[in-house]
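Student: This structure is in structure tokens; I'll ask about it shortly.
The values are calculated or read from the model by the stated rules, or taken from the named source; none is laboratory data. Keep in mind that this is a model prediction, so the values were computed, not measured. Glycine gets a Cβ as well: all are built from the backbone with ideal geometry, and neighbour counts include every protein chain shown. Just the protein is used for accessible areas: all its heavy atoms, side chains included, with ligands, DNA and RNA removed. Shrake-Rupley method; radii C 1.70, N 1.55, O 1.52, S 1.80 Å.
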Amino acid sequence: MTVPNGQFKRVAEAVAGRTTELLRAAIFVTDDHGIVTASSEDGCVGLPFALLGHEPENCLRIPLHINGHNGEVIIAEPTNNGEMVPPRLVQGLVELVIKQAAVVDRLTNQHELKNTFIHDLLCGSIDDEATILREAQILGMDLTPPRAVILIDAADYILMSNGSGRYEVGEAQIQRRAQLVIASVVGFFKLPSDTICAYIGDGELAVLKASDTKNLFAWVDHEDEQVHSSQSWANLTALKRAGGALLARLRSDTRAGISVGIGRYHPGIRGLALSYQDARAALSLGRRLHGQNGVHCLDGLGIAAFVGVSDECTKIDLATYLLGPLDQEPELLETLDIFFVEDCCPSSTAHQLSIHRNTLGYRLDKITSLIGLDPRRFDDAVQIRLALLLRSLRRDPSQLCKCPIPERHEKRYVGQMPDAPVRQIA
């Protein structure tokens, strides 16, 4: 028995089904060997049409050509409510159905190719960037603009049966729902050429969003723009605003729980995989810490980002980004160093710095306003301390605090006898 080409078979089945609905007649689609590939009649697929007993003079045959494979659509006595339909009308109708079925199949196949391409790209399966750019262009994607990855967890909508609480929907329904979410994403950004969106499996979609200022203009607040030491952090605030607005749109369209992870921009085609890793880590940690329906980014996860991210370079980059506003403030960096050496004690810190406590308070307030973290709060203090330590791993003298670290002086517990052994507090 002849094994039909996959696309030919899909189109044949679509043509047989649609033509049967329109003509209410027995439909047979055969391949170039005369074997029935699809039919409105049970038990005919795989059999030679010549053995089915239909009189040739009562059948209308219309050629079918799909991707280099030939066959026929055979209509047995086409009627409409018992009345004969003119052959020319039937032929025109069937040819239109064939064209529509071929276009739909081609688009579906292109979606699958695009999804696979993006998945492999983000997972780092890259050999040659020029080849990647050429393949992307063939699939209608322009990867030359700077792009960052927005990762969307829409599993509750794409994979879950309505109201069942279980993931048990069929593949066709998964693909249909994924395309609906993609359409919602592209419609939200309004510029399809600047927004590449693909379903990468497990209820997740990846958006390769053009991340320069021009393409994020609607979410850029020029009052809070900062000059960052790394281009990776540029426009991240605008990306997060865009992610928040996108989340609201998707939740409204799907009526389901959605979570979003934001990745930084990294230069080059290979940088898309790094941006995806950022978004993946942020989404995974953010969901566990804060639950669903949030927008998560590494710079907003606090201590968890330093503990939960395994890549050391990412953690060092994050530390450098968080402390970047202090690069031109050596006095504030010195204040932080002494503050931590003195176990966050304001009075002893002020004493070591030879300043008034009110001056220390002013400096700590300024640090808080610059980096958004308050050294007087425990979680923020731990995050700042970790960032200082991690940033020192860069071994870049220009990025390190140049202030001397004073030796620890002895501290006594209240009420300790003068001749008792002194216990130094770490």
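Student: Excluding Leu298 itself, calculate the net charge of residues whose Cβ lies under 12 Å from the Cβ of Leu298, where each Lys or Arg counts +1 and each Asp or Glu counts -1.
Tutor: 0
Student: Same structure, new question: Give me the percent of the accessible area of region 239-338 that comes from carbon and sulfur atoms, probe 1.4 Å, all protein chains in place.
Tutor: Carbon-and-sulfur percentage of accessible area, whole number: 48.
Student: Just flag the GluC sites (Glu not before Pro) in region 21-70 sitting in loop per DSSP whose Cβ has no more than 16 other Cβ atoms within 10 Å. Kindly include the intermediate steps, with their values, before the conclusion.
Tutor: Numbers: sites: Glu21, Glu41, Glu57; in loops: Glu41.
Those satisfying the criteria are Glu41.
Student: Let me ask something else. Treat every Asp and Glu Cβ in region 244-293 as -1 and every Lys and Arg Cβ as +1, leave all other atoms uncharged, and give the resulting dipole magnitude about the Cα centre to the nearest 20 debye.
Tutor: Dipole size: approximately 80 debye.
Student: What FRET efficiency comes out for the pair Thr359/Leu113, r = Cβ-Cβ distance, R0 = 60 Å, nearest 0.05?
Tutor: The pair Thr359/Leu113 has a calculated efficiency of 0.40.
Student: Let me cross-check Asp343: its accessible surface, 1.4 Å probe, with only protein heavy atoms counted, in Å² to the nearest 10?
Tutor: 60 Å²
Student: Hey, another quick one. Enter the mean projected area of the convex hull around the alpha-carbon atoms of region 260-393, in nm², rounded to one decimal.
Tutor: Average projection, Cα convex hull of region 260-393: 8.8 nm².
Student: Write down the accessible area per residue of region 209-365 in Å², having rolled a 1.4 Å probe over the full set of protein chains.
Tutor: Solvent-accessible surface per residue comes out at 46 Å².
Student: Something else about it: With a ≥ b ≥ c taken as the square roots of the eigenvalues of the C-alpha gyration tensor of region 319-374, please select rounded if a/c is under 1.5 and otherwise prolate if a/b is larger than b/c or oblate if it is not? Please list the in-between numbers first.
Tutor: Values: a/c = 1.99, a/b = 1.76, b/c = 1.13.
Verdict is prolate for region 319-374.
Student: In debye to the nearest 20, how big a dipole does region 267-395 give about its Cα centre with +1 on each Lys and Arg Cβ and -1 on each Asp and Glu Cβ?
Tutor: 380 debye
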